Amino acid sequence: MTSPAPTTEMNVPWLGVIADDFTGASDVAGTLAGAGMRVVQVFGIPAPSMQTHDVDCIVVSLKTRNVPSAAAVEQSLAAARALNSYGVQQLYFKYCSTFDSTPEGNIGPVADALRQEFVPASQITVVAPGTPALRRTVYNGVLFAGADLLQESSMRHHPLTPMTDSSVPRLLQAQTEYPVGQINYDELEAGVPAVRSRLQDLSSQGTRYVVVDTLSDRHLGTLGAAVLDHPLVTGGSGLVGGLAKARGRGLQPQSDLTARPRPTSGSSAIIAGSCSERTNEQIEAFRQSRPCFRIDPVAIAQGHNVLADALDFAREHLPDGPVLIHSTASPHEVSEAQGHLGRARAAELTEHCLAAIAEGLVGLGCRQLIVAGGETSGAVVHRLGVTTAHVGKEVSPGVPWLRTDTDPEMAILLKSGNLGEPGLFLDAWEHVR
Ligand code: ADP
């Protein structure tokens, strides 16, 4: 296999990413922007007429992690076909670095469908959730979140996709009929030619997916170089960094995008629907100096006018600085709410209410918004009618500010549950102003 020469055409994007949630899409977009790529993030299936001039990478944000598999497949294929029509050379299916999925999918079914349409049948597809910059590593196929096995990390309490197994090959094999193999870290240490030859060996033995160990950015660089000519690559946000590096076409940093006019007026708010450990910490840090308002799905179900109460709170406090409105709760409180309402209904009520609150906040003049939670971000961004955004500065790894195409323009930051420093909700504003 040979690596493709970097394109010299300025108006053809080389990479098309399909992300299974909105914060994961932002994470990937921020990683690519940080590598000097010009990135557009799209929400939902992009229109065929979308302008892609002078864009290196298009990141499509879908909300397909928790929908029925058939819907996830249909939307992902539609996104891939649109990306193909823009002339991208490589598709990247992005899922969470903690491999968030249900026992049935949707990672396997979506990857299978993309393979069937875009990849020669005998070619192997890599599976690399590991993202060392976020402390997600894969060792002998076993996924770690920081120092913890995935199944012993806070991900075991996730409200929608509790992860109770740490073996990526086992998780994936339950979701696909194609044979799943592994490449271990010592093979990554041996360098690009060794990885390429191992991929070829596995492929000729009939393996169709290969879970690759990634303990460091160096491993991601090696893997990126080894799969630069693959039509389909899958993984977390780490491997796109490896691909971008191998591509070797870091353009100017995103100064043209970060220099776009900022919304000079308007207030700032945070909407949090993530119940992840880190989001809980970020809320506690914010609470020390700024007001917070909590919404409860059980109160919504009982008919309380939670939307009006939240907006009354916002009206009172927004003039003095950022406010935070959250449904974020402890694992115990979440399981109580789910016990009353069921998992799906609790999530649906919460997402719907937070999205309506976000819309109300914009009506109150809010122009800078942080949203915590992947599903939550999907609901909010959809409600606000954002279709595309330019990707700017990362506040911390995987967490960039975006500038929306809405009128009026807004700055939004979509934060995956466990990302960002504990002080993010207090500090992120410095980077947008
Ligand atoms: P993360 O990025 O941490 O995974 P998500 O927004 O993707 O966050 O997922 C959190 C899910 O939990 C959402 O569907 C949200 O509506 C739901 N949720 C939030 N708060 C509560 C709560 N108090 N009780 C039950 N479910 C909740």
**Flag if Ile45 is more than 16 Å from the ligand (Cβ to nearest atom), more than 21 Å from Ala244 (Cβ to Cβ) and touching a helix residue (DSSP H, G or I) at 6+ places or on another chain (Cβ under 6 Å)** = yes
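Of all the residues that make up the range 161-192, how many are in contact with an Asp or Glu (Cβ under 7 Å, 6 or more places away or on another chain) and assigned to a loop (DSSP other than H, G, I, E, B)? First the steps, then the outcome.
Taking the range 161-192 first, the residues in contact with an Asp or Glu (Cβ under 7 Å, 6 or more places away or on another chain) are 161, 163, 171, 175-176, 178, 183-185, 188.
If we keep only those that are assigned to a loop (DSSP other than H, G, I, E, B) too, we end up with 161, 163, 175-176, 178, 184.
Total meeting the criteria: 6.
Run down Ala355, Ala308, Ala344 and say which single residue is within 14 Å of the ligand (Cβ to nearest atom), assigned to a helix (DSSP H, G or I) and free of Cβ contacts under 8 Å to residues at least 24 places away in the same chain.
When all the criteria are applied, what remains is Ala344.
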**Message:** If I go through the range 135-160 residue by residue, how many of them are outside any loop (DSSP other than H, G, I, E, B) and either within 24 Å of Leu228 (Cβ to Cβ) or touching a Cys at 6+ places or on another chain (Cβ under 6 Å) (or both)?
**Reply:** 3
**Request:** Determine if the range 375-385 includes at least one residue that is in contact with a helix residue (DSSP H, G or I) (Cβ under 8 Å, 6 or more places away or on another chain), at pLDDT 95 or above, among the charged types (D, E, K, R) and more than 12 Å from the ligand (Cβ to nearest atom).
**Result:** yes
**Message:** Being within 25 Å of Leu361 (Cα to Cα), assigned by TED's automatic domain parsing to the domain that holds Glu284 and surrounded by 12 or more Cβ atoms within 10 Å (Cβ to Cβ) is the requirement here; does Ala301 meet it?
**Reply:** yes
**Prompt:** Do we find a residue being closer than 19 Å to Gly420 by Cβ and more than 25 Å from the chain's Cα centre (by Cα) anywhere in the range 292-304?
**Reply:** yes
**Some residue of the range 42-55 being closer than 22 Å to Leu172 by Cα and modelled with pLDDT under 95** = no
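Applying the selection to the range 196-220, what residues are of a type outside the set (A, V, I, L, M), part of a helix (DSSP H, G or I) and within 20 Å of the chain's Cα centre (by Cα)? If you could, list the steps in order and put the result at the bottom.
Keep residues of the range 196-220 that are of a type outside the set (A, V, I, L, M), which gives 196-198, 200-201, 203-209, 213-214, 216-219.
If we keep only those that are part of a helix (DSSP H, G or I) as well, we get 196-198, 200-201, 203-204, 217-219.
Asp217 - this is the single residue of the range 196-220 that is of a type outside the set (A, V, I, L, M), part of a helix (DSSP H, G or I) and within 20 Å of the chain's Cα centre (by Cα).
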**Prompt:** Are any residues in the range 127-169 among the charged types (D, E, K, R) and in contact (Cβ under 8 Å) with a residue 24 or more places away in the chain, and if so, which ones?
**Reply:** Arg136
**Asked** Within the range 53-105, restricting attention to residues that are more than 16 Å from the ligand (Cβ to nearest atom) and under 11 Å from the mean Cα position of the chain (by Cα), which residue is farthest from Met37 (Cα to Cα)?
**Response** Phe93
**Complete:** Within the range 170-193, the residues that are more than 21 Å from the chain's Cα centre (by Cα) and open to solvent by less than 40 Å² (accessible area, probe 1.4 Å) are Thr176, Val180, Gly181, Ile183, Leu188, Gly191, Val192
**Message:** Please determine whether any residue of the range 282-297 is within 14 Å of the ligand (Cβ to nearest atom), buried (at least 21 other Cβ atoms within 10 Å of the Cβ) and not hydrophobic (A, V, I, L, M, F, W, C).
**Reply:** yes
**Request:** Being over 22 Å from Leu62 (Cβ atoms) and hydrophobic (A, V, I, L, M, F, W, C) is the filter; apply it to the range 362-399 and report the residue that is most open to solvent (accessible area, probe 1.4 Å).
**Result:** Leu364
**Message:** Can you pull out every residue in the range 131-143 that is open to solvent by less than 50 Å² (accessible area, probe 1.4 Å) and at pLDDT 95 or above?
**Reply:** Thr131, Pro132, Arg136, Thr137, Val138, Gly141, Val142, Leu143
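The values are calculated or read from the model by the stated rules, or taken from the named source; none is laboratory data. The structure presented is a predicted model; accordingly, all values stated were derived computationally and were not measured. So basically every Cβ, Gly included, is an ideal-geometry build from the backbone, and we count neighbours across all protein chains shown. Side chains included, ligands, DNA and RNA excluded: accessible areas come from the protein's heavy atoms. Shrake-Rupley method; radii C 1.70, N 1.55, O 1.52, S 1.80 Å.
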